[in-house]
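The values are calculated or read from the model by the stated rules, or taken from the named source; none is laboratory data. Note that the structure is predicted; figures quoted are calculated from it, not measured. Heads up, the Cβs are rebuilt from the backbone with ideal geometry, glycines too, and the neighbour counts pull from every protein chain shown. Note: accessible area is taken over every heavy atom of the protein model, side chains too, but ligands, DNA and RNA are not part of it. Shrake-Rupley method; radii C 1.70, N 1.55, O 1.52, S 1.80 Å.
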Amino acid sequence: MHPRVVKVLLAGRLSYGAGHRLQKILSDHHHQRLSKPANTLVVLEHKPVYTVGIREKAYTVEEERKLKNLGAEFWRTNRGGLITFHGPGQLVAYPVLDLKQFRTSVRWYVDQLERLVIRLCAEFDIKAETSPHTGVWVDDRKICAMGIHCSRYVTTHGLALNCNTDLKWFEHIVPCGIEGKGVTSISKELNVDVTAYDILPIFVNAFREQFECELIEFPPNEASRILQDAIKVTDD
């Protein structure tokens, strides 16, 4: 049996629109069988953006405008979950995987994502855990938000781990729609500045172990072309 192979695409800092388009291109590779292996782990940071999931219809045009006036974008998405913030200092991971090559269970997939973040936090002696709410928590403070979409067992969206994120962005929303809870970051918990770049190799290693896969570099020429296509469509 061949090991599961996942290509790692380090996408840098992108607008949310470019990141969304990038996932569409990569998921199309699965559905149209355009490349082998097609499984890809996209890791990036986003420019400031508030996003809401499919369950959240309540945001009015006025509320949307208030958030945009803070200097962030606002996007309604097809992922699960409620409102959250993405921005610099946050490691965002979008695994675009065919679960038929892993396990055909969305619950299993979400569990794996949660466990890999808990494993990563443990490397820093941060005791993180799950709760009845989605994501990963340190006591009652969310350190990692999660929201996924799955179409014919191909996954998009993923997780956002606060590394040295400016947590003031979260003061303007009820993160993930949960009253009375806070947010935190690896830097805040350690009282040391830890960047997404610092976390990247630890995250990638945790992903490899949790998903029992072989990770390879996304071919540079192909990565450059796909990123140009994603940016060109949304940012022109």
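Mean sequence separation of contacting Cα pairs (under 8 Å, at least six apart), scaled by the length of the chain, corresponds to a relative contact order of 26 percent.
Taking the Cα centre of the chain as origin, work out the dipole magnitude from +1 charges on Lys and Arg Cβ and -1 charges on Asp and Glu Cβ, in debye rounded to 20. Working shown, then result.
Numbers: 30 positive and 29 negative charges, 162 e Å.
Using Cβ point charges on Lys, Arg, Asp and Glu, the chain gives about 780 debye.
With the whole protein complex present, LYS188 retains an accessible surface near 120 Å², based on a 1.4 Å probe.
Identify which of GLU222, GLU214, GLU114 has the largest mean-square fluctuation in a Gaussian network model of the chain, with springs joining Cα atoms closer than 10 Å. The residue with the greatest mean-square fluctuation here is GLU222.
Protein heavy-atom accessible surface, 1.4 Å probe, per residue over the stretch 5-222: 46 Å².
Among ASP229, ASP193, the order of accessible area from largest down is ASP193, ASP229, computed with a 1.4 Å probe on protein heavy atoms. Set Lys and Arg Cβ to +1 and Asp and Glu Cβ to -1, take the dipole of the chain about its Cα centre, and tell me which of ILE118, HIS133, VAL61 lies farthest positive. It is VAL61. Residues with beta-carbon under 15 Å from that of THR130, excluding THR130: net charge, scoring Lys, Arg +1 and Asp, Glu -1? That works out to +2. Assuming charge only on the beta carbon of Lys and Arg (+1) and of Asp and Glu (-1), the dipole of the stretch 127-236 about its Cα centre is about 240 debye to the nearest 20. Restricting the calculation to Cα atoms, every distinct pair contributes to the Kirkwood radius of the stretch 31-160, found to be 16.0 Å. For LEU215, the solvent-accessible surface computed with a 1.4 Å probe is close to 30 Å², ligands and nucleic acids excluded.
Evaluated at 25 °C with a viscosity of 0.890 mPa s, what Stokes-Einstein diffusion coefficient in µm²/s does the stretch 72-133 have when Rh comes from the Kirkwood expression over alpha-carbon pairs?
Details: Rh = 14.2 Å.
Value of D from the Cα-based Kirkwood radius: 173 µm²/s.
Dividing the helix sum by the residues of the chain, where each DSSP H run of 4 or more adds -39500 (n - 2.57), gives a mean residue ellipticity at 222 nm of -10500 deg cm²/dmol.
A dipole drawn for the chain from +1 and -1 charges on Cβ atoms has a positive end, and of PHE218, SER15, HIS30 the residue lying farthest that way is HIS30.
Accessible area per residue was computed with a 1.4 Å probe on protein heavy atoms; CYS150 scores about 40 Å². Set the Cα radius of gyration of the stretch 86-236 against 2.2 N^0.38 Å, with N its number of residues, and you get 1.08. Overall, the accessible surface of the chain at a probe of 1.4 angstrom is composed of carbon and sulfur to the extent of 50 percent.
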